[in-house]
Each structure stands twice: as C-alpha cells, then as structure tokens.
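Asks: Just dropping this structure here.
The values are calculated or read from the model by the stated rules, or taken from the named source; none is laboratory data. Small disclaimer: the values here were computed from a predicted structure and weren't measured. Note: ideal-geometry Cβ built from the backbone for every residue, glycine included; neighbour counts use all protein chains shown. To get the accessible areas, we keep the full protein, side chains included, count just its heavy atoms, and leave off ligands, DNA and RNA. Shrake-Rupley method; radii C 1.70, N 1.55, O 1.52, S 1.80 Å.
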Amino acid sequence: MQRKFHPACAIFRLLEGEEFAALVESIRTNGLLNPIWLHPDGSILDGRNRARACAEAGVEPRYETWDGKGSLIDFVVAQNIDRRHLNGTQRALLAEKLEPLYAAEAKKRQREAGKTVGRGRPKQVEQKVAQAKREEQARDKAAKAARTNRQYVSDVKKIKKEAPELYAKINAGEIELPTAAKLIGRTPEFQDRAIAMITSGEAKSVVDAGRLIKREDINDAPPLPAGRWRVFYCDPAWDYGSSGLQQYGHASFHYP
C-alpha cells in the first residue's frame, strides 16, 4: 500500500545521498527501531525518511497512529528535535518555519471555539488584534519548540524579507545566522567577498572581512615626488589595524 505523506512531514528535510544510504543500511542491518507515525487519516505524519528507507532495504515497516490529541506540530517536532542534532542556525530556521504553522493551529482552535464576533467575520479591529496575538504566541511557541529564542526567529524573518539571497545561503548551510544578520544592507559584491573570506578562515568576522576588503581595494601609494619642494602636503589613506582603539586599532605608522 502506497501511503501519502502528510504536509507536516515537510517540516524536516528529506535525507539524501550518504545520509539516506546510511539510514537504509542501518534499517537493513538492525531493522526499523522507531515506528512510522500515521495521521488518523492514514497518511504518514512522521517518518517519511524511514518509510523510504524501508522500501529501499526491503524491510516491512512498523506503524503507530497518533491519537489526535494536542498540537500536531508539537508532536512532529518532539519526534525529531533530538534526533536531528541541529545547530543554532538550523534551530532558528526551523522556528521560522514553525511559526505560521502554530499560528494556523491557533486560528483553527479559535474558529472551532466560536470566539469570533457575530455570525460572520470578526470586526476589523478585533480581527487585527486577534491576528497579532496569534502571531506573537506562535513565535513564542515556535522558538520554544525549536529550542531557540525569539530574537533569532525575528532575525531569520528579516533576512528572508530584506535579503533573500542571504536567506538562501543560510538554508544551504553556507553561512551561519549571526554572519548573515551583519551582512544585511551590504552590496552583493561585499557579501560574496566577506563570505568567501570567512569561509576560508582568512577573516574571523564580518568586521574583520570589511577591513581586509578595504585594504585590498586601496591602491598602492604613488612614489614620492623627486627633488626639493618648498611645501609638500599629502593626505594619505590611513591603515587601521593595530590594537587599542575600539575594534579598529590605532592608525599604523607605515608611510615613508
């Protein structure tokens, strides 16, 4: 029987490549250790990777059905959060994905409880207040479920809205959230150069990368004029980088 995947399965990514091959081999050798959870409608709620691996390994899957009590999102997250070994950035990305799901659950509960005003839609003001409250509560629940904090969730949402190219790099695992947050507003060229420097270890932070980029972009100083001059005035670009002055350091003494 070919079972459908419940939309909640998409909360966590599909395993591919070596990760999936390792799961297939584990199930082939040790059997299915954790059951595949079904929604009451018969669709797979949690365990699509295990279901795929069972089919690949030729192992009969073992199912259990969720009792339908409480939050469906809470249930799916609880089945995965400890097994996934997520880092801080991945937890923030997970919370950003969970927030609208929790908001939808809250809206459904409110509708089923008949907490709207009148017979039709709520009045405009009450509707906006209710929506704002749902979103705030959903953000709190999402942060708690993903074991992160609200600020990180807000940072991810801001990056997704204002710098989708950085959001894509976070999702791809190319950069961490703190780095991306400090690159918002920078030019795409600066972002790419800074990310390359940080990834290679040449720079330790965005600030450090900024100093290196400025240094690379400064043209070599022209030779001093020959001969004698009554007045010689110059205003060279100072190179900052030694210690002792905030994050920049004192101007180094390096001109002839």
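Asks: Look through region 168-184, keep the residues that are open to solvent by 80 Å² or more (accessible area, probe 1.4 Å) and more than 18 Å from ALA95 (Cβ to Cβ), and return whichever of them is modelled with the lowest pLDDT.
Replies: Among residues in region 168-184 that are open to solvent by 80 Å² or more (accessible area, probe 1.4 Å) and more than 18 Å from ALA95 (Cβ to Cβ), the one modelled with the lowest pLDDT is GLU174.
Asks: Separate question: Output yes when any residue across region 3-15 is out of contact with any strand residue (DSSP E or B) (no Cβ under 8 Å at 6 or more places or on another chain), surrounded by fewer than 15 Cβ atoms within 10 Å (Cβ to Cβ) and more than 29 Å from GLN137 (Cβ to Cβ), and no when none is. Before the answer, list the steps.
Replies: So in region 3-15, the residues out of contact with any strand residue (DSSP E or B) (no Cβ under 8 Å at 6 or more places or on another chain) come out as 7, 10-15.
After this cut, where a residue has to be surrounded by fewer than 15 Cβ atoms within 10 Å (Cβ to Cβ) as well, the list is 7, 10, 13-14.
With more than 29 Å from GLN137 (Cβ to Cβ) added as a condition, the list becomes 14.
Within region 3-15 (the criterion being out of contact with any strand residue (DSSP E or B) (no Cβ under 8 Å at 6 or more places or on another chain), surrounded by fewer than 15 Cβ atoms within 10 Å (Cβ to Cβ) and more than 29 Å from GLN137 (Cβ to Cβ)), the answer is yes, since at least one residue qualifies.
Asks: Here's a check for you: in region 185-209, which residue that is open to solvent by 60 Å² or more (accessible area, probe 1.4 Å) and of a type in the set (S, T, N, Q) is farthest from VAL153 (Cα to Cα)?
Replies: So the residue we want is SER200.
Asks: I'd like the residue in region 29-42 that is within 28 Å of the chain's Cα centre (by Cα) and in a loop (DSSP other than H, G, I, E, B) and, out of all such residues, is surrounded by the most Cβ atoms within 10 Å (Cβ to Cβ).
Replies: That would be HIS39.
Asks: Still on this structure, I have one more. Return the residues of region 189-246 that are outside any strand (DSSP E or B), among the hydroxyl-bearing types (Ser, Thr, Tyr) and at pLDDT below 80; say none if nothing qualifies.
Replies: Filtering region 189-246 down to residues outside any strand (DSSP E or B) leaves 189-239, 241-246.
Then drop every residue that is not among the hydroxyl-bearing types (Ser, Thr, Tyr), which leaves 199-200, 205, 233, 242-243.
Across region 189-246, the qualifying residues are SER242, SER243.
Asks: Here is a further query. List pairs: first residue in region 30-53 and over 21 Å from GLU16 (Cα atoms), second residue among the aromatic types (Phe, Trp, Tyr) and not in a helix (DSSP H, G or I) anywhere in the structure, Cβ distance under 6 angstrom, at least six positions apart or on different chains.
Replies: LEU38/TYR63
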